[in-house]
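As structure tokens, the structure follows; a few thoughts come after it.
The values are calculated or read from the model by the stated rules, or taken from the named source; none is laboratory data. What you see is a predicted model, and the numbers here were worked out from it, not measured in a lab. Neighbour counts run over all protein chains shown; Cβ positions are idealised from the backbone, glycine included. For accessibility, only protein heavy atoms count, side chains too; no ligands or nucleic acids. Shrake-Rupley method; radii C 1.70, N 1.55, O 1.52, S 1.80 Å.
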Amino acid sequence: TTGTLSKCMTVEAFKEWSDKHPVQYHVSAKEDGCSMELVYRNGKLVQMISRGNGYIGFDKIPLAKYLNIPQTLDITKDISIRGEFELSNSAFKSHKVFEGLKNTRNAGSGLLNKKESDLTAAEKEAMKEMKFFAYDVRGIDFKQKADIFAFLLERGFTVPENRICNSYDEVLAFREELAKVRGTDEEEYAIDGIVIFENVYDAEDQKEKIQKRAVALKFDLMIARTKLIDIEWSLNGSYL
């Protein structure tokens, strides 16, 4: 189905990558949701393919009717649109069907991995609140990565927050802006970093399992202080 991106876990690692790619960048938020590819033939949505193992996914088209995505497009050419389904923090907290689950990603994955026949009425209602963040189009040639986002917006899709950056420093500034709302009440949808593409579109590179002209820069790990109250020791009988 889809490829993936190399990941930079530190800004130092990204600096090494940017030094090798001194170009204009298209930078966007890295949504932390459930990957999906929407396939349109003659303007009609006919498949909704999950990521699976990266090569083979599962067709979830029976669930499409419950999701807030375009069922038709004003284009007759066969195309596919890649993106991430995400559940908002507010929806996660308000629906009882998610009680006991750890986070929005687990909740969303749980819904999308179900068969239609197994969905309850409450789960179908909750699924309607999932948002699809589209970020790529296959089947059409574009000149720039930014043109893809413009194409998607014109057809009613939501795209991740994004920006054109002309330097390493501008990319870091964008990352800092997004990082400020992380873990706060302002963070409605989970993101775990940013995605940096060379703005010049390279269709062949995007078909690769690991792309060379794009990279993901993760956020720093979130940490918290804790206090150790006590330690309980126990002996495993097998060692006696």
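Odds and ends about this structure:
- Of all DSSP-defined beta bridges confined to the chain, some 90% are antiparallel rather than parallel.
- Residues D185, D192, ordered by accessible area of protein heavy atoms at a 1.4 angstrom probe radius and largest first, appear as D185, D192.
- Overall size of the chain from C-alpha positions, given as principal axis extents largest first: 68, 51, 39 Å.
- Built amide H within the under 5 Å cut-off of Q211, gap 5+: T4, S6
- Three-way shape call for the stretch 1-105 based on the alpha-carbon gyration tensor, with the a/c threshold at 1.5: oblate
- Low-density loop cleavage sites - GluC sites (Glu not before Pro) in the stretch 24-107, where at most 13 other Cβ are within 10 Å (DSSP): E99
- Between K180 and K15, the distance separating the two model label sites (each 7 Å from Cα on the Cα→Cβ line) works out to 2.3 nm.
- Rounded to 0.05, the FRET efficiency of the K102 and D202 pair, given R0 = 41 Å and the Cβ-Cβ distance, is 0.65.
- Among the chymotrypsin sites (Phe, Trp or Tyr not before Pro) found in the stretch 9-66, those both in a DSSP coil and sparsely packed, with 16 or fewer other Cβ atoms within 10 Å of their Cβ, are Y55, F58.
- Shape of the stretch 50-91 from the C-alpha gyration tensor: oblate (a/c of 1.5 or more and a/b not above b/c, with a ≥ b ≥ c the square roots of its eigenvalues).
- Tensor-based shape of the stretch 124-202 (alpha-carbon gyration tensor, a/c under 1.5 rounded, otherwise prolate or oblate): oblate
- Based on the Kirkwood approach, the hydrodynamic radius assigned to the stretch 111-158 is 13.1 Å, with every pair of different Cα atoms included.
- Candidates S109, S18, S94, ranked by Gaussian network fluctuation over the chain, Cα under 10 Å, top entry: S94
- Accessible-area order (highest first, 1.4 angstrom probe) of the listed residues D32, D147: D147, D32
- The slack in the chain from Q24 to F58, taken as 0.36 nm per residue of separation less the alpha-carbon distance, amounts to 8.7 nm.
- Helix-derived mean residue ellipticity, 222 nm - over the chain, DSSP H n ≥ 4, -39500 (n - 2.57), to 500: -6500 deg cm²/dmol
- Of the trypsin sites (Lys or Arg not before Pro) found in the stretch 105-214, those that fall in a DSSP loop while having at most 12 other beta-carbon atoms within 10 Å are K115, K128, K143, K180, K207, K209.
- FRET efficiency for the E188 to R155 pair, using the beta carbon distance and R₀ = 35 Å, is estimated at 0.95.
- Whole-Å distance, taken between Cα centres, linking the stretch 40-90 and the stretch 107-130: 15
- Accessible-area rank, largest first, for V39, V181, V200: V200, V181, V39, with all protein chains present and a 1.4 angstrom probe.
- Gain on full extension, evaluated as 0.36 nm per residue between R41 and A173 minus their Cα-Cα distance, stands at 43.5 nm.
- Under 18 Å from the Cα of K114 - aspartates and glutamates, other chains or at least 8 residues apart: E37, D59, E84, E86, E99, E123, E125, E129
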